[in-house]
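The values are calculated or read from the model by the stated rules, or taken from the named source; none is laboratory data. The structure displayed is predicted, hence computed values, not measured ones. Cβ atoms come from the backbone with ideal geometry, glycine included; neighbour counts cover every protein chain shown.
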Amino acid sequence: MLDATSQDLSENIKQSRAVVEMAHKCGVTVVGELGYVAGKVGEGAEPHPGEAAITNPSEARAYVERTGVDVLAVSIGAVQGRMDGRAKLDYSRLKQINQAVSIPLAIHGGSGLNED
């Protein structure tokens, strides 16, 4: 799992590509991340400060093509840490990202989700 989301897109791609090249030589799968899953209140939120950055489908396509990651972790409204109320996931955005890339997607941050 590689998280270079604190970098701009170009640097995220550069760092991710370097990790993918090394990992694939060893037969290791790489999960890259694009977008940012922020924390909300309470336990577990502190390491994830700031505002969420929702994953852009066209950036996701470019990121996957240029890095060669095996799985893409995306931000669609999930949050880290405890929260009041429910998270609102953007299923339309998830569908757009899924159509833009041809690899499995992962969603980090399960706070505020119900079983549905």
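Before moving on, here are some points about what is shown:
- Any hit, region 55-70, residues being at pLDDT 90 or above, farther than 17 Å from Leu9 by Cβ and among the charged types (D, E, K, R): yes
- Search result, residues across region 2-42 that are hydrophobic (A, V, I, L, M, F, W, C) and at pLDDT 90 or above: Leu9, Ile13, Ala18, Val19, Val20, Met22, Ala23, Cys26, Val28, Val30, Val31, Leu34
- Residues that are under 16 Å from the mean Cα position of the chain (by Cα) and on the phi < 0 side of the Ramachandran plot within region 21-38 comprise Thr29, Val30, Val31, Gly32, Glu33, Leu34, Tyr36, Val37, Ala38, listed in sequence order.
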